[in-house]
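A short worksheet on the structure shown next.
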Amino acid sequence: MNLIPPLDITDAMIHSCTIAEPSATDTGISGYLGEWAVGTTYSVNAVVLVAASHLLYISLQNTNVGYTPGGTGNDSWWSEYRHTERWLAFDSRVTNQAVRAASIEYQLLPGVAIDSLALLNIEAETVTVTLKNGLDGATLDTWVVDTYNDSLYVSDIVKTNFTYTTDPHFTILLSNSLVSAKVGEIVLGNKVSIGSTLYTPTVGIIDYSVKEVDTFGNYTVVERAYSKRLTCTTRIQNTALDLTYNTLAGRRALPSVWVGSEDYPSMIVYGFYKDFSIVLSYKTISLCELEIEGLI
């Protein structure tokens, strides 16, 4: 079991992207009126762009003028709608996908050594990730994954052993000739071991759909998003017991990518642990029980 604390992606880290900002999807939102302007009066449901934060906001009232979206004390005037499409891949919400016809490419310069990369909620035929030593340096790694098998998309993939370099340049290409390429979240970080995953893990989902039944037994179903769930036990050396304990305690309110196994997308979860406990089972080995819930 590895966890990957996500690196916060800044403007300077995105060298290029084939999704424009704002994209056609952004500007196509009903009520979209472009970038927010201090002297413009906005009506309820107007949608504006704040380019500096890569966020879209929706107006909550009529006669909305002079109230900065996202500003202190302005919550009754503006509500965060979502990130711009280019930045949906870094918004910590797996369900929201960046979408582009045929392919999406991001070139990222994180500025620090990175050994792990996760791509979540993707729809692509193939994913190609190239790691170079600097912007124009030598190629260190090329990772190609076929993510469309038997008419089904492989939704989540992860690699935790990229070659070490202090100046990584990642090119991430998602290709889909069938329909549009999509990606829900891109997570870069450095893995932390939480021991070896034992057999008999449990995978499942938490469904947020609403199912109501009337007095005649007729069901009304409102389909909503779902999140992943993973319950497993890992084996850790007692020499790493306190380190593991402190690592988990330090991530108690912070999302991470949890990798129970790189071979099974169902065991790759972006979210929080709901609970953990460590049992000092043997003189040299302890067992860590984890219950992990994913973000939607």
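Cβ-Cβ distances below 8 Å connect the following pairs, each with a first residue in region 178-192 that is touching a residue at least 12 places away in the same chain (Cβ under 8 Å), a second residue that is open to solvent by 70 Å² or more (accessible area, probe 1.4 Å) and basic (Lys, Arg), and a separation of six or more residues or different chains: SER180/ARG100; ALA181/ARG100; GLY184/ARG93; GLU185/ARG93. So which residues in region 41-83 are open to solvent by less than 60 Å² (accessible area, probe 1.4 Å), closer than 23 Å to GLU21 by Cα and of a type in the set (S, T, N, Q)? Once the filter is applied, which keeps residues that are open to solvent by less than 60 Å² (accessible area, probe 1.4 Å), closer than 23 Å to GLU21 by Cα and of a type in the set (S, T, N, Q), region 41-83 yields SER53, SER59, SER79.
Of all the residues in region 166-192, those that are surrounded by fewer than 18 Cβ atoms within 10 Å (Cβ to Cβ) and touching a helix residue (DSSP H, G or I) at 6+ places or on another chain (Cβ under 8 Å) number 0.
Every residue in region 101-118 that is among the acidic types (Asp, Glu) and not in a strand (DSSP E or B), please. Within region 101-118, just ASP115 meets the criteria. Taking the conditions exactly as written (surrounded by 15 or more Cβ atoms within 10 Å (Cβ to Cβ), in contact with an Asp or Glu (Cβ under 9 Å, 6 or more places away or on another chain) and modelled with pLDDT under 95), does TYR273 satisfy them or not? Spelling it out, it is not the case that TYR273 is surrounded by 15 or more Cβ atoms within 10 Å (Cβ to Cβ), in contact with an Asp or Glu (Cβ under 9 Å, 6 or more places away or on another chain) and modelled with pLDDT under 95. Annotation note: Cβ proximity below 8 Å between a residue of region 121-142 that is more than 24 Å from TYR264 (Cα to Cα) and a residue that is among the basic types (Lys, Arg) and open to solvent by 30 Å² or more (accessible area, probe 1.4 Å) (sequence gap 6+ or interchain) occurs for ALA138/LYS132; THR139/LYS132; LEU140/LYS132.
The values are calculated or read from the model by the stated rules, or taken from the named source; none is laboratory data. Just so it is clear, the structure is predicted and the values come from calculations on it, not from any experiment. Here the Cβ is made from the backbone with ideal geometry for all residues, glycine too, and neighbour counts use every protein chain on show. In case anyone asks, the SASA skips ligands and DNA or RNA and just uses the protein heavy atoms, side chains included. Shrake-Rupley method; radii C 1.70, N 1.55, O 1.52, S 1.80 Å.
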